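The structure under discussion appears below in the form of structure tokens.
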Amino acid sequence: MKLNMKAIKIKSVLLIMICLITSIELYSTNFENIPSKLKQPNGTVIEAFYTGYDPGYIRYHDKNDFTMVKDRQTGFFCWAYIDSDGYLASTGLAVHLYNPKDLGLEPGVYPKRLREDEVKKDTRQQDFERWLQENTKGEKK
């Protein structure tokens, strides 16, 4: 009888460990190049992709990996750049009207910092930085 109780305890601990590992993996799912259609305020539909991790940061980009953000003033999705504080910022130039190469923008830009309203409340800056490091191979963009 003692042997069976010990086996049951071991199986219970293993089951709990499997559940914890699975829940952690599900909690931090990475997304890469998921197709999406974004609608501009004027009705124009943009073919885009999103890449990121959930919960937390998602970066919208085009097929050539140029980053876009929703402009806070106009509501249009515009091409993005990194501002002097390390945040993604809108160029104010709508994605459907301008070619990012002609603007001298670089593809694959990721912010070095996140604004509070860019992430879900339960996501921390350290989680984002770890994900950024893993997915950009340490390159500074």
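Placing pseudo-labels 7 Å out from each Cα toward the beta carbon at SER36 and SER84 gives an inter-label distance of 3.0 nm.
Placing pseudo-labels 7 Å out from each Cα toward the beta carbon at ARG72 and GLU106 gives an inter-label distance of 2.4 nm.
The slack in the chain from VAL45 to ASP62, taken as 0.36 nm per residue of separation less the alpha-carbon distance, amounts to 4.9 nm.
Rule-based calculations on the coordinates, nothing more; no lab input. For clarity, every value in this text was computed on a predicted model and none was experimentally measured. Using ideal geometry, Cβ is built from the backbone for each residue, glycine included, and neighbour counts are taken over all protein chains shown.
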